[in-house]
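J.: Just passing along the structure, written as structure tokens.
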Amino acid sequence: MTPDRSLIVVEDDEGFARTLKRSFERRGYEVVLAASIEEVRKVLEARSFGYAVVDLKLGGASGLACVELLHTHDEEMLIVVLTGFASISTAVEAIKLGACHYLTKPSNTDDIEAAFTKAEGNADVALDVRPTSIKTLEWERIHQTLIETDFNISEAARRLGMHRRTLARKLEKRPLK
């Protein structure tokens, strides 16, 4: 197997991780699974990868630390971040930390493989003229605050200036995963 067809999938959902593994293996990739940043550290002691797929939310931890670790280990690695709760702030941070692309779930193998080929930016992309809605801006702010507080709802509510129960109700309506 050529090193550039090696892939590490960092995903804590075992079923989804196995599905990605089988799908990429059918496409000729050598795939290693990891469910946490600790597992990634152990795997990186023995080898490197050409590609990585990282879930943004790994249990209670942020996948952004994993992106940073992978990029520090090998700056040439193409890293795609997957998330079920996208926001502009996490997309920007993922790219700053070394990801080449950021996709929202549900994404399939075709989407991820296409993202690997789009590592370079495209200045010809059409600009979206539709303004962002207030609800989207609110959700992005809530999400960013949750990340900053390591998903501590009480602290996030305090920083957002809202009651903890109000924040909990908003999260019930739009779960993080």
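Read-outs: derived from the displayed coordinates by stated rules, not from any lab. Since the model is a prediction, treat every value here as computed from it, not as a measurement. All Cβ positions, glycine included, derive from the backbone under ideal geometry; neighbour counts span all protein chains shown.
J.: Straight-line reach from Lys21: which aspartates and glutamates have Cα under 15 Å away, leaving out those fewer than 8 places along the same chain?
T.: Glu11, Asp12, Asp13, Glu30, Asp55, Asp110, Asp111, Glu113
J.: Cut-off under 23 Å on the C-alpha distance; same-chain residues fewer than 8 positions from Lys170 excluded. Which lysines are left, in chain and number order?
T.: Lys57, Lys105, Lys135
J.: Still on this model: Subtract the Cα-Cα distance of Glu75 and Arg141 from 0.36 nm times their separation in residues, and report this length gain in nm to one decimal.
T.: Stretched fully, the Glu75-Arg141 segment lengthens by 20.8 nm.
J.: Right, next: For region 3-117, just say rounded, prolate or oblate: build the C-alpha gyration tensor, square-root its eigenvalues into a ≥ b ≥ c, call rounded for a/c under 1.5, and beyond that prolate if a/b exceeds b/c, oblate if not.
T.: Verdict is rounded for region 3-117.
J.: Where in region 89-119 does the amide nitrogen come within less than 14 Å of the point 7 Å from the Cα of Thr19, taken along Cα to Cβ?
T.: 105-112
J.: Toward the positive end of the charge dipole of region 3-117, about the Cα centre and with charges on Cβ (Lys, Arg +1; Asp, Glu -1), which of Ile112, Ala94, Gly50 goes farthest?
T.: Checking the options against the dipole of region 3-117, the answer is Ile112.
J.: Nearest 500 deg cm²/dmol is fine: what mean residue ellipticity at 222 nm does the chain get from its DSSP H runs of n ≥ 4 alone, each adding -39,500 (n - 2.57), divided by its residue count?
T.: That comes out to -14000 deg cm²/dmol.
J.: Considering only DSSP beta bridges whose two residues both sit in the chain, what percent are antiparallel, to the nearest 5?
T.: 10
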